[in-house]
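Chemist: The structure that follows is given in the form of structure tokens.
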Amino acid sequence: MYSFLLTDDEQIVIDTLTLIIRRNFGEDIKIFSALSGSAALDIVHKEKIDIMFMDIHMPGINGLEAINLIKQINQNIIVIILSAYDQFEYAQEAINLGAFKYLTKPVNRNLIVQTIRNAMNLVDEQKGQLSNNMEMYEKLNFVSSIVESDFIYSCIFNNNKTTELSTYLKYFKIQDKDYFMCCMEIPEAVNKSRYKNYVKLRDIMTAKCNCIIGSFMNNRVGIYVTVPEQARKDSSDPRRTILEPVHLMLSMEITSGIRIGVSEIESDIGRAPTAYNNAMTVLADLAPTGGIGFYEGSRDIPDDKLSETVKNLSQRILARVKAADSVSLNRLVPEYISALFKLYRTEPDRIKNSVFELVLNARSFVLQLEPSYTNSAFDTAFSTLICTNDRDDIGHFILDRCMECAGAIAAIQEDSMNPIIQKACSYIENNISQDINLEQLSAYLNVSPFYLSKLFKEEKGANFISYVTALRMEKAKSLLLDDSLIMKEIASKVGYNDQNYFSKLFKQEFGLTPTEYRKSKLK
């Protein structure tokens, strides 16, 4: 007989965990539940709990505070953290408090089942003979996965803090100085099996090379790959030697549409953010059908190649508009402007004609999907261009129009989603500053919380909490550009009464605190 305590401030999480436990471990168990840390404390005082699931952010006593107090009452309780936090500092604090496992939402059902099975084995060992080696192995195992994700975040948003990155490398006992960065994109169509595919990706990559693998960011994964000295001697391009077999295996095991952007080989860890950006640049140029692209360094475009380059960049920009890929547009448009002004440096009218043709072609993609689409900025496009020869003004004009078209295409595609989810998303956007929970929303839509949660996962590729959080973070980004708003006001406008909690979530999402983000943008 095992006794469980499920602690989370959302009833849908408790209900889901209860269902998983009952289905996989039969009825020879006791399940208690609590919606707050203080309620969990009361239950632990009264009942002998073997295994406890605990959320971190809850009203009143938070999860980490509750664990600290509960461990004083029952030091043998097996604590499994189930939280939206995935930052190293929280994982480290949880370990210090004696947590057994740290799972981040959304979490795969199979992982929950396996974690429970491991926890039950540990309970059995504690009741008989406790295995200290097993306990230590589990702790180190989960800490390493959190540190890996944190390292990749630091590589992307490091701002040249070389010392910090070097500390991570010491933790992983990495001595090879040479490395390259990858950005691997798994098609949205297979995201429903994200955890399963992530495990396959890790297995294949770690079998082929020494690497550090981050967590999913949308449908992309950042990877740091070391290059041993011997590999450079054995191959003219170790990147290809490592990744071409990996791409083949991933295509066979997961899907044929995987795309991988690869940076140059670097030796200075401080250039990791630049290397990752170069990998992203290559990724943006790859065909949607999949493949590998290798960054070969920036080079000046020869004059005799300028015309061909401008034409090629124009086609790639239009392809990214059609794919509603705003991230790639941010990279391609500046390249296009640079090549265009170099090609027609003394002919401003030809520059404007090329730009005008490009934005009209971009709009035509939207009109093909929605003939009634209108945008006044396109109606005045020619007169706007006539009034300026400034390179930055023209660059902003192209980027704004292309981004508007990409956004319109994304919105049209969004309209094809389930009407219940459409209505749910509209409600969330209109009430983003309020306390929104799954039960409240399901009552408004007149559906069960379980059904609504399932629909969210299927339609949006994320659970309810992740979707709302992402929406709030995007809203916060736009509000941070208004320096008349203080941080507490911004937190409140996006639904957070706790400014510190808002700041932690923002950094978790974007790698910068709200203050750092505001400074970088306003600067």
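Chemist: Can you give me the convex hull volume of the Cα atoms of the range 187-270, divided per residue and expressed in Å³?
Modeler: Looking at the range 187-270, the number lands at 100 Å³ per residue.
Chemist: Please determine, in degrees from 0 to 90 and to the nearest 10, the orientation of helix 194-208 with respect to the longest principal axis defined by the Cα atoms of the chain, where the helix direction is its Cα long axis.
Modeler: The helix 194-208 is inclined about 80 degrees to the chain.
Chemist: Taking 4 °C and 1.567 mPa s as the conditions, I'd like the Stokes-Einstein D for the chain in µm²/s, using the Kirkwood hydrodynamic radius from alpha carbon pairs.
Modeler: Answer from the Stokes-Einstein relation: 50 µm²/s.
Chemist: Of CYS387, CYS211, which has the most accessible area and how do the rest follow, probe 1.4 Å? Could the numbers behind the result be given before it?
Modeler: Numbers: CYS387 115, CYS211 20 Å².
Reading off the accessible areas and sorting them downward yields CYS387, CYS211.
Chemist: According to the square roots a ≥ b ≥ c of the eigenvalues of the Cα gyration tensor, what is the shape class of the range 350-423, taking rounded for a/c under 1.5, prolate for a/b larger than b/c otherwise, and oblate for the remainder?
Modeler: Verdict is prolate for the range 350-423.
Chemist: Using the Kirkwood formula over every pair of different C-alpha atoms, what hydrodynamic radius in Å results for the range 420-523?
Modeler: Working: mean 1/r = 0.0692 Å⁻¹.
For the range 420-523, the Kirkwood estimate is 14.4 Å.
Chemist: So for TYR344, TYR276, what's the accessible-area order with a 1.4 Å probe, most first?
Modeler: TYR344, TYR276
Chemist: Enter the accessible area of ILE412 (Å², nearest 10), with the probe set to 1.4 Å and all protein chains included.
Modeler: Here the accessible area works out near 50 Å².
Chemist: Next question, about the same structure. Which percent of the accessible area of the chain is formed by carbon and sulfur heavy atoms (probe 1.4 angstrom)?
Modeler: 48
Chemist: Hey, another quick one. Residue by residue through the range 485-501, which ³J(HN,Hα) values in whole Hz follow from phi under the Karplus form 6.51 cos²θ - 1.76 cosθ + 1.60 (θ = phi - 60°), with glycine and proline marked x?
Modeler: Here the 3J(HN,Hα) series is 8, 7, 4, 5, 5, 5, 4, 5, 5, 10, x, 10, 7, 9, 5, 5, 5 Hz.
Chemist: Before rounding to the nearest 500, sum -39500 (n - 2.57) across all DSSP H runs of length at least 4 in the chain and divide by the residue total; then give [θ] at 222 nm in deg cm²/dmol.
Modeler: -19500 deg cm²/dmol
Chemist: From the protein chains alone at 1.4 Å, what is the descending order of accessible area for ARG23, ARG109, ARG239, largest first?
Modeler: From most exposed to least exposed: ARG23, ARG109, ARG239.
Chemist: Let me ask something else about it. Find the centroid of the Cα atoms in the range 189-247 and in the range 24-88, then give the distance between the two in whole Å.
Modeler: Using only Cα atoms to place each centre, the spacing works out to 36 Å.
Chemist: Send over a whole-number figure in Å² for the accessible area per residue of the chain, probe 1.4 Å.
Modeler: Heavy-atom accessible area per residue stands at 49 Å².
Chemist: Once you treat every alpha carbon in the range 315-450 as an equal point and sum by Debye, what is log10 I(q)/I(0) at q = 0.13 Å⁻¹?
Modeler: Ignoring solvent entirely, the Cα scatterers give -0.66.
The values are calculated or read from the model by the stated rules, or taken from the named source; none is laboratory data. These figures come from a predicted structure and were not determined experimentally. These area figures cover heavy atoms from the full protein model, side chains too; ligands, DNA and RNA do not enter into them. Shrake-Rupley method; radii C 1.70, N 1.55, O 1.52, S 1.80 Å.
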